[in-house]
Amino acid sequence: MPREPLELARSIGDRFVRWQGASGRPDPETCPFVTRKPQFYPPNTHCTAPIARALYRLADRTGETGYKESADRYAIFSFSYPRDPVAPWSDPQKTLWLQRAAERPPNTSCATFQYGLALDPAWTEFRRHNPEEDCFDARADSLFDWTQRRRTDRGQAYELGYAPTDPNIPDWAFTDDLRLIGSGLIGYYEETGRQSALEAALRLGDYYLRAHQPGTAEGAFLQDLGTWCIGPWPPVVSVEHLTEFRLDQNGWGWSARGAAEFLARVHAALPPNHPRAALMQDRCLRSVRWQFGCQFPEGAVGLCGQDDHWLGMTAGALLSLADVRRAGWSTAELEQDLGPAIAQARTWLLEAATEEFLDAGGYRKVTGRSSPTPPDNLACLLAWTVEALLRWDESEPIRTNGAA
C-alpha cells in the first residue's frame, strides 16, 4: 500500500540528514549521488541548496529540530563556497591546481548559477528560519553584486561564466542555469526589498517571455512546443542526462518547472495588472501542459518527453501546477483538460516511491534516451519530490463543471 505523503517525505528527508558530511554538503562516502572526482566538481553544487529548502519545509511541517539543523548546514555550505567571478585562467589557485595535475579540470566555484543558488534558496531560507542571525547578510550582498558583474546586453541578460566549446557561441545561455540566477535575484529582493534586484529579475524574466529566435539568445520560449528551449543555439551537443541533442528545438523538465516558479515569484512582486502579467500566465500555463504531455500512460513524467521514468520530474510537474494555481493563473479549461493526468501523476508518484526506487534516485530506464548522469541531480530531484509531497493538497485535481 502506498505511504502517506508526509511519511514518504520524511523518508527522503532522513536520507538527506544521513548523507550530510562535515562541510555541510553530501558526503561522497555516504551519499550514492555524489559525482566522484579528484577535486570539488561543479555538479556537486547542484543539490545542496534544494536539499536545504526541502529540509526547512520538513522542519516547518514536523517541528523536528534535526531537519532544521541539517538544513542550516546545507544552506551555509551553499552560500559559502562560491567565490568572486575571477577570470578562469588568471586565477592563481586554479593555475596551481592545473600545474599539480594537468588532467584535472579547473575548479569552477564562480559560475553565475552558483551565485543564484547561493542566494535562493540557500541564504533566503536560512534567513527566514534564523531571523535573528544577520551575520551572513554581507555575504548575500556580495553574491548579488558578483551576479551583476555578469550582466550582458544580449537577450539572456547574464553570462553563465563558463566558455562554450563552439567559438561561434558567445555564451550557452542555458535556460535552467539562468532561471537559477533568476530565483536568486527575486529571492534576494523578497528578503531585502532592494529595487535593483527586482529590476534585474524582471529583465532576466523577459528572456523567458520572448519567443525564441533561431540562432540567437534573444528569447527562450518555443512557440510550437509550448515550453522553454534547453538552450538557444542550434549545435547538436551532449549535456547533462542527454547525448547528442538539439538544444534549441527541445524543452526539458528542469527549465519547465524552474522557469514557472521563477516567473510566478516575479509576478507576485509586481503591481496588479502589470503589463507582463498576461504573457507570464500564457507561457507558464502552456509549459505546464507541455510537462504533462511528457507523461507515460501509467502516470510517470519524463525528462524531455516519454523517455524514461523520473520521480523528480513527476514531482516537478505537480509543483509547476501548484505554482500557477498559487499565482492565480490556472483556468477551468486547464484543470478540466489535465485533471486525469494530474490524478495519474499523483497516484504513480506515491506508488512508485518505494524504498528501492528512492535508493535508485527515482530514475527508471524505459527507452534510455535520458540517463541519470550526473547523479548529483538525482539528489536535487529527490528534494523536488519532498516539496511536492509537502504541497500535496496544492496539486489535488480540481473539479470543474462537475468533472474531476
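Miscellaneous remarks
- Contact map, region 154-177: first residue over 16 Å from Thr216 (Cβ atoms) and of a type in the set (Ser, Thr, Tyr), second residue open to solvent by less than 30 Å² (accessible area, probe 1.4 Å) and in a helix (DSSP H, G or I), Cβ cut-off under 8 Å, separation 6 or more or different chains; the map is empty.
- Verdict on Thr165 being out of contact with any Cys (no Cβ under 6 Å at 6 or more places or on another chain) and buried (at least 23 other Cβ atoms within 10 Å of the Cβ): no
- Hits in region 146-159 - residues which are open to solvent by 60 Å² or more (accessible area, probe 1.4 Å) and either within 25 Å of Arg257 (Cα to Cα) or of a type in the set (Asp, Glu) (or both): Arg151, Asp153, Arg154
- The number of residues in region 1-14 that are at pLDDT 95 or above and either open to solvent by 60 Å² or more (accessible area, probe 1.4 Å) or within 15 Å of Arg73 (Cα to Cα) (or both) comes to 6.
- The residues of region 188-219 that are among the acidic types (Asp, Glu) and open to solvent by less than 60 Å² (accessible area, probe 1.4 Å) amount to a single one, Asp206.
- Some residue of region 381-394 being of a type in the set (Ser, Thr, Tyr), more than 25 Å from Gly339 (Cα to Cα), open to solvent by less than 40 Å² (accessible area, probe 1.4 Å) and at pLDDT 95 or above: no
- For the condition assigned to a helix (DSSP H, G or I), among the basic types (Lys, Arg) and either at pLDDT 95 or above or more than 21 Å from the chain's Cα centre (by Cα) (or both), Lys68 qualifies.
- Selection from region 255-285 of residues that are touching a residue at least 24 places away in the same chain (Cβ under 8 Å) and open to solvent by 10 Å² or more (accessible area, probe 1.4 Å): Glu261, Ala264, Arg265, His267, Ala268, Ala269, Leu270, Arg276, Leu279, Gln281, Arg283, Leu285
- Flag for Thr45 being open to solvent by less than 10 Å² (accessible area, probe 1.4 Å), modelled with pLDDT under 95 and not hydrophobic (A, V, I, L, M, F, W, C): yes
- If you filter region 11-29 down to residues that are assigned to a helix (DSSP H, G or I) and small (Gly, Ala, Ser), you find that the one that is nearest to Arg61 (Cα to Cα) is Gly13.
- Test: residue in region 233-241 that is under 24 Å from Leu350 (Cβ atoms) and in contact with a helix residue (DSSP H, G or I) (Cβ under 6 Å, 6 or more places away or on another chain): no
- All conditions in (1) modelled with pLDDT of 95 or more; (2) over 24 Å from Asp166 (Cβ atoms) hold for His241, with the sole exception of (2).
- Checked against the criterion of being at pLDDT 95 or above and either among the β-branched types (Val, Ile, Thr) or closer than 21 Å to Ile230 by Cβ (or both), the candidates Gly193, Gly184 yield just one match: Gly184.
- Scanning region 220-247 for residues that are out of contact with any Lys or Arg (no Cβ under 6 Å at 6 or more places or on another chain) and open to solvent by 60 Å² or more (accessible area, probe 1.4 Å) returns Gln223, Asp224, Leu225, Ser238, Glu240, Thr243, Glu244, Arg246.
- Figure legend. Inter-residue proximity from region 1-21: first residues more than 13 Å from Thr48 (Cα to Cα) and in contact (Cβ under 8 Å) with a residue 60 or more places away in the chain, second residues in a helix (DSSP H, G or I) and open to solvent by 60 Å² or more (accessible area, probe 1.4 Å), beta-carbon distance below 7 Å, spacing 6+ or different chains. Indicated pairs: Pro2/Glu351; Leu6/Arg61.
For (1) open to solvent by less than 40 Å² (accessible area, probe 1.4 Å); (2) touching an Asp or Glu at 6+ places or on another chain (Cβ under 8 Å), each residue gets a yes or a no:
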residue: Asp141; (1), (2): no, no
residue: Gly161; (1), (2): yes, no
residue: Ala173; (1), (2): yes, no
residue: Leu178; (1), (2): yes, no
residue: Ile186; (1), (2): yes, yes
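The values are calculated or read from the model by the stated rules, or taken from the named source; none is laboratory data. Because the structure is a prediction, the values reported are computed rather than measured. Don't worry about glycine lacking a Cβ; one is built from the backbone with ideal geometry, like all the others, and counts go over all protein chains shown. The protein model used for the area step is the full one, side chains on, heavy atoms only, and it has no ligands, DNA or RNA in it. Shrake-Rupley method; radii C 1.70, N 1.55, O 1.52, S 1.80 Å.
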